[in-house]
Each structure stands twice: as C-alpha cells, then as structure tokens.
Amino acid sequence: METRDSMLQHVDFHIRDGRSVSLQDPWCDGLTMANKFRHRIFRSVNLPRNANLDILMVNGSWDLNLLQGQELQQLREYLVLRPIHTSADKLLWNNGKFSYKEAWKICRFQAEEVSWYKFCWGKARPRWSVTTVFVMLNKIPFIVNLQRRKLCLVSRCSLCQSAIDTTDHIFISYRFSKDFWSWLGEILKWNMHQFAEVVSLADLFNWFQVVATVGFHKTLFPAMLWGIWKERNARLYGTATAPVIVAMLEVLDIHSILLSDLLV
Ligand SMILES: [Zn+2]
C-alpha cells in the first residue's frame, strides 16, 4: 500500500476524452475523487461509481453545469484548473520520462541501515549471510516468535529446558553457544572479559566489533551464527552433529589461513 501511494505521486493522468479513466482511478493528484473531495462526493453528484470520467465532460470540456451546489465547489474549482489534453487519455510516469532505476528506487522497501550488514556479506558464504540476516532481524521461528503469531506453544528451549526459547538464548547463553564463542576467542586470543556481559544479539555484535580487529575475523561473525544454528538444529532433530570447527575451517579456507598458524 505504501509503495502504491509512493508510485502514485509520480504518475499523472492526462485526460483527453475521459473514456479510459474510471471515476474510481486515482486521477486527482494521485488520489481518487472520493478521497480528494470527501467520500460522499458520489452521492452529491449522483453518479454511478463505476462510470468513466467522460460522464463529467461535454463537447471535450468539463461539464461544470452538472456540478452544482456548495458541496461540489471544490471539485468545480479543481476541474477548472485541470487541463484537457489533445492526445488520447494516458497514464504518464514523471511526465513521460520513465526510468527503471527511478521506478525501482521508489518501489523498493528501504529499511533503516543496520551496522552489521558489512559483516554479513563480502566473503561470507551465502548460507551464513542468509542465516545472519534472519538471526539479526529476529525472524527465526523460535517459540516466542511463533507465540507472537498467536500460536499456543510452551516457551521453553527444547534443548536444555532451562530457559525461554529465544534468539538471544540460542545464540548467546545456550551452553553450546557460550563454549563456541569462548573457544573461538581463545584461539584468536581475544579479550573475553566483556563477553560475560553480552546478553543480547546487539551486545554480541558490539562486543564482536571490538574484539574482531583482523580483516578475516569479520567473516567469522556470520560463520559462527550459521555454525550455532546448524548445530542447534542437528541436536534438536537428532541428525548428525557437526563439530563447530567446521564453520571455522571454512572461514580459514576462504582466507587461505591454516588453523595451525593461529594456534602458535
Ligand atoms: Zn536452551
């Protein structure tokens, strides 16, 4: 709906004989006649809603005689200033200057820029990036998220049964995740003191930005989230669990780094 309204600000109805434009089209500066001139306008004019615009015209001009009365004054004043064009009825984009680039800019949904996006793409494998986007936007269907969709479920982590099943719990405070981050920090000789204060994904990302100072470390953020998510599902659904080092080795492989170099 928002996109439609934005687009309508860039289109213009050029009226010639009004036969191709419905009274219910948004031909009044991007608004329908009812929206621009009160919703009761059709009753005042006594016109069928499904009529075309030519019903308001006579001999190629606006039929102002049809629009008598105080209630229709605004509409009369609007039509007096509304030009009748010489070519056929047309719907024009930006006065006939259409560009895909411009249209895309208007149609696309633009969310607020997030600070973690630079860690998400680049050298990250697509599966890490996609998982990271879902995790950071809290779109993973954990029970608390499903409850928001009115599903009646008990909100308890299916793995440890000792906490509410949330994104923060699975990626930060669940035992496996804690060990995973600590293990990584130990290998990379990160300062892990502040990790104890991390309780949310926002905290996690802020902490990560401080400790991950070497270029390739950035790729570890999406890799770690993916590794945790993969392991969580493997444990939950009883499939083969993969050691967390798999994600780490993939990152090192991308950057042609040997794990033994980091362990020195
Ligand atoms: Zn748990």
- Task: State the number of lysine pairs found in the range 117-263 whose Cα atoms come within less than 30 Å, restricting to pairs 8 or more positions apart or on distinct chains.
- Result: 21
- Item | Nearest-ten-degree value, helix 217-237 long axis tilted from longest Cα axis of the chain | 80
- Query: Is it possible to state the helix-based mean residue ellipticity at 222 nm for the chain, with each DSSP H run of 4+ residues giving -39500 (n - 2.57), the sum divided by total residues, to the nearest 500 deg cm²/dmol? What is it?
  - Reply: -12000 deg cm²/dmol
- Normalised per residue, the volume of the convex hull around the Cα set of the range 2-107 (Å³): 101
- How large is Rg/Rh for the range 117-263, to two decimals, with Cα atoms and a Kirkwood Rh? 0.96
- Query: Against the longest principal axis of the chain, how steep is helix 245-254, in degrees 0 to 90 to the nearest 10, with axes from Cα atoms?
  - Reply: 70
- Message: Can you tell me the orientation of helix 175-187 relative to the chain, as the angle in degrees between its alpha-carbon axis and the longest Cα principal axis, to the nearest 10?
- Response: 70
- Message: What do you get for trypsin sites (Lys or Arg not before Pro) in the range 134-213 restricted to DSSP loop and a cutoff of at most 16 other Cβ within 10 Å of the site's Cβ?
- Response: Lys139, Arg149, Lys150, Arg156, Lys189
- Item | Along each principal axis, Cα extent of the chain, largest first, Å | 90, 44, 33
- Note on the structure: Note, the range 92-101: 3J(HN,Hα) by Karplus (6.51, -1.76, 1.60, θ = phi - 60°), whole Hz, Gly/Pro = x, goes 10, 9, 6, 6, x, 9, 8, 9, 4, 4
- Task: Enter the Cα centre distance for the pair the range 126-199 and the range 15-41, rounded to the nearest angstrom.
- Result: 52
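Read-outs: derived from the displayed coordinates by stated rules, not from any lab. These numbers were taken from a predicted model, which means no experiment stands behind them. Don't worry about glycine lacking a Cβ; one is built from the backbone with ideal geometry, like all the others, and counts go over all protein chains shown.
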